[in-house]
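Let me begin by presenting the structure, written as structure tokens, before commenting on it.
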């Protein structure tokens, strides 16, 4: 068994020897994206398991080891990891836990420390915790190389495209399950291409976009209009079915079409924040240049995806990051970047401008950044866009699913009323 090695600060390291023997456990957030990320890590020689445990026990484990005043996503992520470790499915002396760390002012930056504290309380402090971050922590057996980062960007772009167009097809499919089967087929195809070293250039990615769009466009659908409902909010509860009580499934069951902004804008936002910091407070020009280079590359990939959607003539394309920056002017400054910062407000504006006036803002209870840039901006949006129909839904261990769904039903009833009024006005 690999020897436990600690750095000078007493932090347990994930070593090169551990890479050969240990299984990395990944918490779930975006099912499509994370499955591709897992496959890309497998190709780098890691053993990786994607966690999908979602029973009440996840919440109970989180409550046991994380203070109730800590935000709900931290509680769920840590609860999911601890629940998996205790499940008996893994050799607990040969697992490591993988968790992202943003480094911002949000409590998300403390998840990794909370997780280590939880492991210590549970008597499992010998389990390494790996920070997936840009230089916040280093481990001899895990690093984000330029090559791996590029592959992860491609995986993110494929994930955003599939999520976008599957949400535009699923509510209208004639044969139930066609869209989900196509999603699984394309994840399998992309994984196969990754394994054979294919699809990992911008040219190949653009060709893949066209193939994916053509296959989803061929799914038989009903020609009808449904109420579109945008989903924004804190990144975890916005995307994670565990975090938002299967919000997208609920919207589908209510006859709505979910519209979920992709992950790409959030990643560009996080890189751009480093540039904003240097512009406002000063800093290393080399770091700024590197961040601008990274941002430019991801934006080019985003433009490739948007162009593929636009030329299809079948699917709506989202706006790009620069458009989001323009839309939020006059609402929030670029220095407002804690949590999802100005991006959350910009996403609501982009949804409204693209014809999706009905929005669910999913936020963890007590998440101060989200209450400011989410719930706090609803009045301003309503003043400027009277037809905007935004409901803020809090998620925490004590919030009941039925209350959350009832509030969303009220928003949908309002949306249907507005739709009837608009139809009469155009008659």
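Here are a few things to note about the model shown:
- Relative to the longest principal axis of the Cα atoms of the chain, helix 31-43 runs at roughly 30 degrees.
- Taken over the alpha carbons of segment 16-144 as equal point scatterers, the Debye sum produces base-10 log I(q)/I(0) values at 0.11, 0.17, 0.18, 0.19 Å⁻¹ of -0.35, -0.89, -1.01, -1.14.
- Highest mobility in the GNM of the chain, judged by mean-square fluctuation with C-alpha springs under 10 Å and restricted to 143, 398, 240, is found for 398.
- Taking N as its residue count, the alpha carbon Rg of segment 169-325 over 2.2 N^0.38 Å: 1.22
- Built from the Cα atoms of segment 310-401, the convex hull projects on average onto 7.3 nm², one quarter of its surface area.
- Inter-centroid distance (Cα atoms) of segment 230-287 relative to segment 88-163, Å: 18 Å
- Extended-chain gain in nm, criterion 0.36 nm per residue less alpha-carbon gap, residue 110 and residue 414: 105.5 nm
- For the peptides 251-262, 279-290, the ranking by packing is 251-262, 279-290, with the highest mean count of neighbouring Cβ atoms within 10 Å listed first.
- Relative to the longest principal axis of the Cα atoms of the chain, the long axis of helix 178-195 lies at roughly 40 degrees.
- Sorted ascending by nearby beta carbons within 10 Å, beginning with the fewest, 222, 116, 170 become 222, 116, 170.
- When the chain is treated as a Gaussian network with alpha carbon springs shorter than 10 Å, the biggest mean-square fluctuation among 150, 329, 302 belongs to 329.
- Per-peptide average of other Cβ atoms within 10 Å, ordering 229-238, 305-314 highest first: 229-238, 305-314
- Between 0 and 90 degrees, the angle of helix 285-312 with respect to the longest Cα principal axis of the chain falls at about 40 degrees.
- Of the three principal axes defined by the Cα atoms of segment 230-275, the extents in descending order read 42, 19, 11 Å.
- Shape metrics for segment 78-212, restricted to C-alpha atoms - Rg then Dmax, Å: 19.0, 52
- Dividing the mean sequence gap of close Cα pairs (under 8 Å, 6+ apart) by how many residues segment 1-100 holds gives a relative contact order of 30 percent.
- For the chain, the relative contact order works out to 15 percent when only alpha carbon pairs closer than 8 Å and six or more residues apart are counted.
- Among 127, 99, 174, residue whose mean-square fluctuation peaks in a GNM of the chain (springs only between Cα atoms under 10 Å): 174
- Put a dot 7 Å past the Cα of residue 249, heading toward its Cβ, do the same for residue 4, and the two dots end up 3.9 nm apart.
- Two-site FRET efficiency, residue 17 against residue 296, from Cβ-Cβ distance with R₀ of 30 Å, rounded to 0.05: 0.20
- Put simply, the Cα atoms of segment 4-50 extend 38, 20, 12 Å along their principal axes, the longest span coming first.
- When 264, 70, 400 are arranged by Cβ crowding within 10 Å, least crowded first, meaning fewest neighbours, the order is 400, 70, 264.
- At full extension, residue 423 and residue 44 could sit 131.0 nm farther apart than now, given 0.36 nm per residue minus the alpha carbon distance.
- Descending semi-axes in Å of the chain, equivalent ellipsoid built from Cα gyration tensor: 34, 25, 23
- Chain lengthening between residue 323 and residue 200 when straightened (0.36 nm per residue, less Cα-Cα): 41.6 nm
Values quoted throughout were computed directly from the atomic coordinates according to the rules given, and no laboratory measurement underlies them. Quantities reported herein were computed from a predicted structural model and do not represent experimental measurements. So basically every Cβ, Gly included, is an ideal-geometry build from the backbone, and we count neighbours across all protein chains shown.
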